[in-house]
Structures are given as structure tokens and as C-alpha cells.
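Below is one structure; the comments refer to it alone.
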Amino acid sequence: MKAVSLYIHIPFCNSKCSYCDFLSFSDINNQEKEYINAVINELSLYKVLMKDRILVTIFIGGGTPSSISSKLIEKVLKYVFMNFNIQDNAEITIEANPESITAEKARKYLAAGINRISMGVQSFDEKELKLLGRIHRAEDAINAFYILREAGFSNINIDLMFGLPNQNINTYYKTLEKAMELEPEHISAYGLIIEPNTPFYEKYGNDADEVFDEDIEREMYNLTKSVLRTKEFYQYEISNYSKIGYECRHNKVYWTLGEYFGVGLGAASFNSISDKLLRYENVNSFKKYLEIFSELRLNENNNINQIRIETIEILSNSWKNKTEATVYSRMEEYMFLGMRLINGIDKNEFEKTFNIKIEKVYKEALIKLKNKNLIIEEENRIFLTEKGIDVSNYVLSEFIGIEK
Ligand SMILES: C[S@@+](CC[C@H](N)C(=O)[O-])C[C@H]1O[C@@H](n2cnc3c(N)ncnc32)[C@H](O)[C@@H]1O
Ligand code: SF4
């Protein structure tokens, strides 16, 4: 059976953080139940298609999935378990915020089959948490972590952020130390991005150069690497570190262009439906999503191809019949995502996928980046050097815009 992944989007948060532009709302009251029913209706459309596929990872993300009743999470997972094939050791993750974790929820998640928690902590500094608009204190994050451990979770990720306004190397070092004291299996450490349409954009968008210092951000990035290395975390992607064997399998599916189905508001999918490789996105209007899926009359004739979907890009009709433009965009994506991984991409894999040697497509970019000591080629792999990681945005951009 073909391996695929499933993403389930939960667009609710207890409160909106000042930096975040993820598709989530804190002002939709009492519609969680209706939303989950709509998600289950959407899932039902995939039943037939999923017959010859097996789920290897499931990611319940958001928003803040832990902010809604665990009964609703149980309900949606129960539907997935009853109707889809799931690999015995599938990785099943839920995103959680410290203020919404309770011992009862943790136990229910485990009983529902969830075996990995990704908890957003961002910082252990009270002032920084406040500035970010987080509604929990550092202590809440520590308590939530121990609650999860005591419930029996043995695979926990902590999200951290650096490059924050008023953050300095010392406060960030303390945050890293605190995170290490908890001994999670995985850390995601993201440099702050000032996203349009956020309170942070309004506040800092115009004078970002004065508030943020690139050198300090780089120092924080290097500090993350060195502190985590001493605790036997290894970096496997630009922003991700784990103990051996605890890389996030779901995210690796995205980075290696594996197939996935996304359900829920605004969820993205990338998969082959009836011989067509498609990339599509669900509508991102909450009202419209509910209109489409709440009213859905479940019957055998419903077909995922007929319903909703805001954008569709057909990437190829089949591997034997591809147009140049679609192949180019796939190649760019392959490089852009694959080179984020610390062990980079496999040249043979590239050739097998596209029927062409990578040097034929990217000759000039590869020579240029090697000469600048930004990438290394070793055996069959091409990957970023330390210097390349530092300027990864530039390196990755070199793989975009293949001469057409
Ligand atoms: C889906 S979000 C949030 C999950 C969860 N609701 C939480 O707040 O922890 C996943 C992670 O993205 C990161 N993130 C969100 N917005 C960001 C931004 N503007 N810049 C950098 N990292 C960001 C945060 O670390 C966050 O934990
Ligand atoms: S960071 Fe998490 S809690 Fe904050 S608004 Fe974004 S999704 Fe919601």
C-alpha cells in the first residue's frame, strides 16, 4: 500500500499572539463541534481513495488543537482509525499550548492514539512571553511538560523562538537551558518573522532594521546549535533538532515531497488522485468551509474531485507525460525543501525522479555555490555548509527560476 500522511487543521486559539499569522481565530465561539463534524464529512470523501493507501503520519495542527474539547479530538481520530489504514507505528502528533494542557486531556490523547506532542513554549522569559502576547507563564509551560510526561508521553517537542524584540543572548541562553532541563526529545527553534497583518507588523514593520539585529539573530542561531549539541541533540533541518530517532516524520514528508492529504480550513494537500498529481488548498473562509462541509450529504457518489478546493495545480498527468513547466516547478520545490534538511538531497534520487542528472539542470548554481563554500558535494549527497546554513535564504533562492 502507498504511504501517505494526513494533516488535520484546527483553527481555534484561546487568544491570538501578536506575531502569528497562522489561520486561526480566537473569536469564534461555540462552533468547534460543528467544525469537527464538517472535518469528518470532509474526511469521508477520502474513504474510497484511501483504500489502497496507508497513513504513516497524522498531524493535528493549528491554531491550537489542545484548546478545544478532547472529546472532539477523540471523535475525529476515531473516525480516521475506523475508516483508514494506519501503520502500526504511525507517528500521531497534536499541537498544544501550555495553558490548555490538563492531565485528563493528556490521558485522553494517549488513549486516542496520539503518541507525539508539539508544545509551543516560545520563551521561558516572562517579559518576552508578555511581549509575544502569549497567555501563559513560563511556569505553566514547565507544569504542562511534566503533566505530559507523567501521562506517559515519550515523544515531546518544544517550539522556541529567537530574534525577538528586547531579547538578548543571555535571556535566550536561559530559555535554552530551561528547555534542556526538561529533556524533551525534539526542539524547533524559529527565528522570528514579522508577518504582514499581525500586531507585530504594525508595531515593528516600518522600523524593523532598528529593532532587529541580524548579527545577534545569527549569534542566537549558533547558540541554539551549540547548546543543543552538548545535550546530544542533532540538527536535521534548519530550524529542527532532535535526539536520535526522534525527527518529526510528518515534517520530513513535506520536505521530501511525500504525499499528504490536508483536511480542515485552509489545509493544503499534495497527492495523486486518479493518476493526477495535485496540489490544492481548501477554502480559508470559516463560513464557507462550514457551508460546504456541514451540509454535505454523505453518499457514495460524493467525490473529492467535485467539491470545494480553492486552488488546484495539476503538477503532471503522470510521470510519463509531464509538461516542462510542471517538471521545473517540481524540481524547484524538490531543491528548495530538500536542501533545508541538514543531509540535503540525494543526486541519484533526483535523477530517478526527474530522469535527468541534477548537473544538467543546476550546473551553474552548483558551481557558484560550491565556489562560495555554501554547499558541499559528498558521495551522492549535496548539502549546505555551516556558512550556507547561515545564508540559507540566499542559497535556496539559487534553485528557483530554472532557465525555461
Ligand atoms: C502552528 S504554530 C503554533 C502552535 C501552537 N498554537 C503554539 O502557539 O504553540 C507553530 C509554531 O510556529 C512558530 N511561529 C508562529 N509564528 C511565527 C513567526 N511569525 N515567526 C517565527 N515563528 C513563528 C511558533 O514557534 C509556533 O509555536
Ligand atoms: S502562535 Fe499558536 S496560540 Fe498563538 S496565535 Fe498562533 S497558533 Fe494561536
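Does the stretch 50-57 contain at least one residue that is touching an Asp or Glu at 6+ places or on another chain (Cβ under 7 Å) and either within 11 Å of ligand 2 (Cβ to nearest atom) or not acidic (Asp, Glu) (or both)? Step through it out loud before you land on a result.
So the first thing to find is which residues in the stretch 50-57 are touching an Asp or Glu at 6+ places or on another chain (Cβ under 7 Å), and the list is 57.
Still in the list and also either within 11 Å of ligand 2 (Cβ to nearest atom) or not acidic (Asp, Glu) (or both): 57.
Yes - at least one qualifying residue is present in the stretch 50-57.
Select from the stretch 27-48 the residues that are of a type in the set (Ser, Thr, Tyr) and modelled with pLDDT under 95 and write down the one among them that is farthest from ligand 1 (Cβ to nearest atom). Steps first, please.
Initial filter on the stretch 27-48 (of a type in the set (Ser, Thr, Tyr)): 35, 44, 46.
Next, only the ones that are modelled with pLDDT under 95 stay: 44, 46.
Numbers: SER44: 26, TYR46: 23 Å.
Checking each candidate, the answer is SER44.
Going through the stretch 55-68 one residue at a time, which ones are within 16 Å of ligand 1 (Cβ to nearest atom) and either closer than 26 Å to ASP27 by Cβ or out of contact with any Leu (no Cβ under 8 Å at 6 or more places or on another chain) (or both)? Talk me through it step by step, then tell me what you get.
Our first condition is that a residue be within 16 Å of ligand 1 (Cβ to nearest atom); within the stretch 55-68, this holds for 58-68.
Hits for the stretch 55-68 are PHE59, ILE60, GLY61, GLY62, GLY63, THR64, PRO65, SER66, SER67, ILE68.
Could you tell me whether any residue of the stretch 155-178 is under 17 Å from CYS13 (Cβ atoms), in a helix (DSSP H, G or I), touching an Asp or Glu at 6+ places or on another chain (Cβ under 6 Å) and in contact (Cβ under 8 Å) with a residue 24 or more places away in the chain?
Here is the first cut: in the stretch 155-178, the ones under 17 Å from CYS13 (Cβ atoms) are 159, 161.
Adding the requirement that they be in a helix (DSSP H, G or I) leaves none.
Checked against the condition, which is being under 17 Å from CYS13 (Cβ atoms), in a helix (DSSP H, G or I), touching an Asp or Glu at 6+ places or on another chain (Cβ under 6 Å) and in contact (Cβ under 8 Å) with a residue 24 or more places away in the chain, the stretch 155-178 yields no hits at all.
In this structure, does ASP52 turn out to be over 18 Å from GLU281 (Cβ atoms), within 16 Å of ligand 1 (Cβ to nearest atom) and at pLDDT below 95?
On the way: over 18 Å from GLU281 (Cβ atoms): yes; within 16 Å of ligand 1 (Cβ to nearest atom): no; at pLDDT below 95: yes.
So ASP52 fails the test.
So in the stretch 198-233, with the set limited to residues that are assigned to a loop (DSSP other than H, G, I, E, B) and closer than 19 Å to LEU164 by Cβ, which one is modelled with the highest pLDDT? Full working, then the answer.
Start the filter on the stretch 198-233 by keeping residues that are assigned to a loop (DSSP other than H, G, I, E, B), which leaves 198, 205-207, 212-213, 231-233.
Keeping just the survivors that are closer than 19 Å to LEU164 by Cβ gives 198, 205-207, 212-213.
Numbers: THR198: 96, GLY205: 83, ASN206: 80, ASP207: 78, PHE212: 80, ASP213: 85.
Out of the qualifying residues, it is THR198.
Sort through SER123, SER100, SER118, SER67 and tell me the only one that's hydroxyl-bearing (Ser, Thr, Tyr), under 23 Å from ASP159 (Cβ atoms) and touching a Cys at 6+ places or on another chain (Cβ under 7 Å).
Every option except SER67 fails the conditions.
If you go through the stretch 69-84, how many residues are buried (at least 18 other Cβ atoms within 10 Å of the Cβ) and either part of a strand (DSSP E or B) or free of Cβ contacts under 8 Å to residues at least 12 places away in the same chain (or both)?
0
Go through the stretch 7-26 and give me each residue that's more than 10 Å from ligand 1 (Cβ to nearest atom) and aliphatic (A, V, I, L, M).
Result: ILE8, single match.
Would you confirm, using the coordinates I've provided, whether LYS16 is basic (Lys, Arg) and within 16 Å of ligand 2 (Cβ to nearest atom)?
Details: basic (Lys, Arg): yes; within 16 Å of ligand 2 (Cβ to nearest atom): yes.
Yes: the conditions hold for LYS16.
The values are calculated or read from the model by the stated rules, or taken from the named source; none is laboratory data. In this text, all values refer to a predicted model and were calculated from it rather than measured experimentally. Counting neighbours? That spans all protein chains shown, and the Cβs are built from the backbone with ideal geometry, glycine included.
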